[in-house]
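Taking it in order: structure first as structure tokens, then the write-up.
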């Protein structure tokens, strides 16, 4: 069975602060994909990143960065110099590789509130 | 490209009635569509996997007779909530996987907010 845990249910920061959203996963698969999605108040899911289990390189995209550590089964997401527009619910998700079982297992989500 | 639409975006219905939600892939053909349900301030839970031309596969605990899923074409899947009750009120989100795309690529619709009074 697959499981994704986002221990932080809500985080509140002041604009320009850095913030890290934690994600820990469990899977018996040796190969898998990890994702982060953003869900603003409108409800639509916005894809942020996909990482496959082969690639443990950290990634940076503008103010966003991701730290994948297979040894601790974690895939943490950091927003640098947060902005009010970053306020949303962020979901970490896991899926299997291959054609079967591409459904996503989502974590419980972390609600990020960035105050001006 | 890779746009998925859902209709309606919001629906309010009376208890006991049925509601149909459509999920369309607008610019690609989708072999597989997924239906998720999200309660307020909760995560997305997979309800079922729908493959074009075959019966949907439901997740454990999801009543197939209550949540009817039809995937009659490569661009359309529908979810019908039958005899809706207030506890069915939720945000329903579909996603679609393209025929020609990588297996991990799923494109999400904007969601349908269902309120049963």
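Just so it is clear, none of the values below were taken in a lab; they were calculated from the coordinates. Just so we're clear, the structure is a prediction, and the values are computed from it rather than from any experiment. Positions of Cβ are generated from backbone atoms using ideal geometry, with glycine treated the same way; all protein chains shown enter the neighbour counts.
Miscellaneous remarks
- The protein assembly as shown, Cα convex hull volume normalised per residue, Å³: 125
- Relative contact order (percent, whole number), chain A, Cα cutoff 8 Å, 6+ residue spacing: 38
- Order of A:28, A:51, B:37 - criterion: other Cβ atoms within 10 Å of each residue's Cβ, fewest first: A:28, A:51, B:37
- Remark: A:23, B:94, B:13 ranked as B:13, A:23, B:94, counting other beta-carbon atoms within 10 Å and listing the fewest first.
- Column: log10 I(q)/I(0), Debye, Cα scatterers of the stretch B:1-85, q = 0.16, 0.18, 0.21 Å⁻¹: -0.64, -0.81, -1.08
- Ordering A:114, B:11, B:4 from the fewest to the most neighbouring beta carbons within 10 Å gives B:11, A:114, B:4.
- Between residue A:70 and residue A:56, the contour length at 0.36 nm per residue exceeds the Cα-Cα span by 4.3 nm.
- Quotient of C-alpha Rg and 2.2 N^0.38 Å, computed over chain A: 1.04
- Between the C-alpha center of the stretch B:39-62 and that of the stretch A:52-95 there is a gap of 26 Å.
- Summarising the label geometry, the points placed 7 Å from Cα in the beta-carbon direction at residue B:100 and residue B:115 lie 4.2 nm from one another.
- Estimated FRET transfer efficiency when R0 is 41 angstrom, pair residue A:47-residue B:15 (beta carbons, to 0.05): 0.70
- The stretch between residue A:80 and residue A:115 holds 11.2 nm of extra length on full extension. This uses 0.36 nm per residue minus the Cα-Cα distance.
- Divide the volume of the convex hull around the Cα atoms of the stretch B:40-89 by the residue count and you get 95 Å³ per residue.
- Here the calculated FRET efficiency for residue A:20 and residue B:85, from their Cβ-Cβ distance with R0 = 35 Å, stands at 0.30, rounded to the nearest 0.05.
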